[in-house]
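Colleague: Have a look at this one before I ask anything.
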Amino acid sequence: MSVYTQLTDDQFATFCQRFGVSFARAIPITQGIKNSNWFIQTTDDVDGAHSYVFTLFEERPPEDIEKMAVILNQLDGKLPVAAPLSLVDSAEKCYVIRYDNKAITLVPCLAGSHPQQTTQAMCHEIGASLAVLHETLQQLQPAEEYGVPLYPWSEVRDREKQFMPADEAKLMSDIWQSYTDLPLATLPKGLCHLDMFADNTLWNLSLNNSQKGEAHLTGLLDFTEVSVEHYVMDIAITINDFCTTWGMAEQGESVNFDRSKMAAFLQGYESKRMLGEDEKRALPVMLAKAAVIFWLLRLNVIHYNRTEGRTGDNIMVKNPDLMKRLAAYHWSHVEKAQNTVFVLLAINNKIEKPIAGVFSSITQAEQTCDSLGNSSDFIIKEYTLDQLV
């Protein structure tokens, strides 16, 4: 990700040697916003290839990164993850070098590339993979000993709201209050990734695979944020990126959320782990809250860069307004749903019951429609409560 700490070739060579790797060259990785990362070419690599990713964790303490290594080993073999190499000069199993009170890891490169756009099939697969992650990590108990503490976003909220226009501050407050009003105690929790954006995944995106719709997941990356959280929050975070098309600057940085992709994601997820009714009801608010969290994260990065005097071409800053707009989109659906029902109607006169179901959210109506087999026999209509139709 962005390069904040500068290292010399001699330092790279020394660190890599401790992992049993012969260093040739370090190539900065400038995507992302939190840690310093480089691709490592070894003396055995040819034609400019690179075999490893070298990460210096700028904020997380080394103890947290050791926990991350255990988590990756737990997932290894069930999901495409890169487990950190162990030190060859340590009598005990150790995956972290400590440098300037920061952690360094070296992991094998995974095949594949980051998707510029996602498809419904990709959303289905990442949904299934996230469910496998949730189920597999339940074996690490007590979960709190493996997850890092959740970031105190309420403190960032209180700081940033002082500088926001009134309408933005109200949007953030309304979403936060709606989240607080959820029956949070009834929602299942466990170890969650909490940063499963498309740029933290790898896929075999060769031209032939893309044309045939056969792109498959080859890598899950960046497990630095694994924490104990509600599963539905992890679902919302992943949906928000995988199911949104982010327009480039020359396209006006548009934010276009695709509900059909979300339906595919949820189908994939529930093929491995079924959602509870409370989780389904909470999802619309969680989508808005997840967007708020990443709105705050990007504002926090800007604040942190300013206070630390971080500048230069290697520093990447993502636009917080994109997440603000996504939060507003989701919140508009939450507000509308509070006064709206969604009716699943049969349009095939051979079906005995013309009304197949009445739902409080479009997501539940779409999922039910898809589960009925021939969804073309049904339509979804929305009605406002307390009004004539």
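Colleague: Name the residue that is surrounded by the most Cβ atoms within 10 Å (Cβ to Cβ), counting only residues in the range 114-166 that are touching a residue at least 40 places away in the same chain (Cβ under 8 Å) and of a type in the set (Lys, Arg).
Modeller: Restricting to residues being touching a residue at least 40 places away in the same chain (Cβ under 8 Å) and of a type in the set (Lys, Arg), the top hit is ARG157.
Colleague: In this structure, is PHE19 in contact (Cβ under 8 Å) with a residue 24 or more places away in the chain, in contact with a helix residue (DSSP H, G or I) (Cβ under 7 Å, 6 or more places away or on another chain), more than 26 Å from ALA131 (Cα to Cα) and not small (Gly, Ala, Ser)?
Modeller: Judged against the criteria, PHE19 is not a match.
Colleague: Looking at THR118, THR136, THR105, which is the one that is closer than 30 Å to GLN6 by Cβ and in contact with a helix residue (DSSP H, G or I) (Cβ under 7 Å, 6 or more places away or on another chain)?
Modeller: Going through THR118, THR136, THR105 in turn, just one is closer than 30 Å to GLN6 by Cβ and in contact with a helix residue (DSSP H, G or I) (Cβ under 7 Å, 6 or more places away or on another chain): THR105.
Colleague: Let me ask another. Does the range 348-355 contain any residue that is surrounded by 14 or more Cβ atoms within 10 Å (Cβ to Cβ), farther than 30 Å from GLN177 by Cα and modelled with pLDDT of 80 or more?
Modeller: For the range 348-355, residues surrounded by 14 or more Cβ atoms within 10 Å (Cβ to Cβ), farther than 30 Å from GLN177 by Cα and modelled with pLDDT of 80 or more: absent.
Colleague: Checking SER86 against (1) surrounded by 20 or more Cβ atoms within 10 Å (Cβ to Cβ); (2) closer than 24 Å to GLN139 by Cβ; (3) not β-branched (Val, Ile, Thr), which test does it fail?
Modeller: The number of the failed condition is (1).
Colleague: Right, another one. Looking for something among the hydroxyl-bearing types (Ser, Thr, Tyr) and either part of a helix (DSSP H, G or I) or touching a Phe, Trp or Tyr at 6+ places or on another chain (Cβ under 8 Å) (or both) - is there at least one such residue anywhere in the range 137-149?
Modeller: So far as the range 137-149 goes, no, none of its residues is among the hydroxyl-bearing types (Ser, Thr, Tyr) and either part of a helix (DSSP H, G or I) or touching a Phe, Trp or Tyr at 6+ places or on another chain (Cβ under 8 Å) (or both).
Colleague: Every residue in the range 68-92 that is in contact with a helix residue (DSSP H, G or I) (Cβ under 9 Å, 6 or more places away or on another chain) and in a loop (DSSP other than H, G, I, E, B), please.
Modeller: Within the range 68-92, LYS78, PRO80, ALA82, ALA83, PRO84, SER86, LEU87, VAL88, ASP89, SER90 meet the criteria.
Colleague: How many residues, within the range 375-388, are loosely packed, with under 10 Cβ neighbours inside 10 Å and either under 32 Å from the mean Cα position of the chain (by Cα) or under 12 Å from LEU345 (Cα atoms) (or both)?
Modeller: Going through the range 375-388 one residue at a time, the tally reaches 1.
Colleague: Check TYR95 against each of (1) under 30 Å from HIS216 (Cβ atoms); (2) surrounded by 15 or more Cβ atoms within 10 Å (Cβ to Cβ); (3) within 23 Å of the chain's Cα centre (by Cα); (4) not polar (S, T, N, Q) and name the one condition it does not meet.
Modeller: Of (1) under 30 Å from HIS216 (Cβ atoms); (2) surrounded by 15 or more Cβ atoms within 10 Å (Cβ to Cβ); (3) within 23 Å of the chain's Cα centre (by Cα); (4) not polar (S, T, N, Q), only one is false for TYR95: (3).
Colleague: Ok, one more. Among the residues that make up the range 28-35, is at least one of them under 21 Å from LEU202 (Cα atoms), among the charged types (D, E, K, R), touching a residue at least 40 places away in the same chain (Cβ under 8 Å) and not assigned by TED's automatic domain parsing to the domain that holds MET262?
Modeller: yes
The values are calculated or read from the model by the stated rules, or taken from the named source; none is laboratory data. It should be emphasised that the depicted structure is a prediction, and the values quoted were computed from it without experimental measurement. Ideal geometry is used to build each Cβ from the backbone, glycine not excepted, and the neighbour counts take in all protein chains shown.
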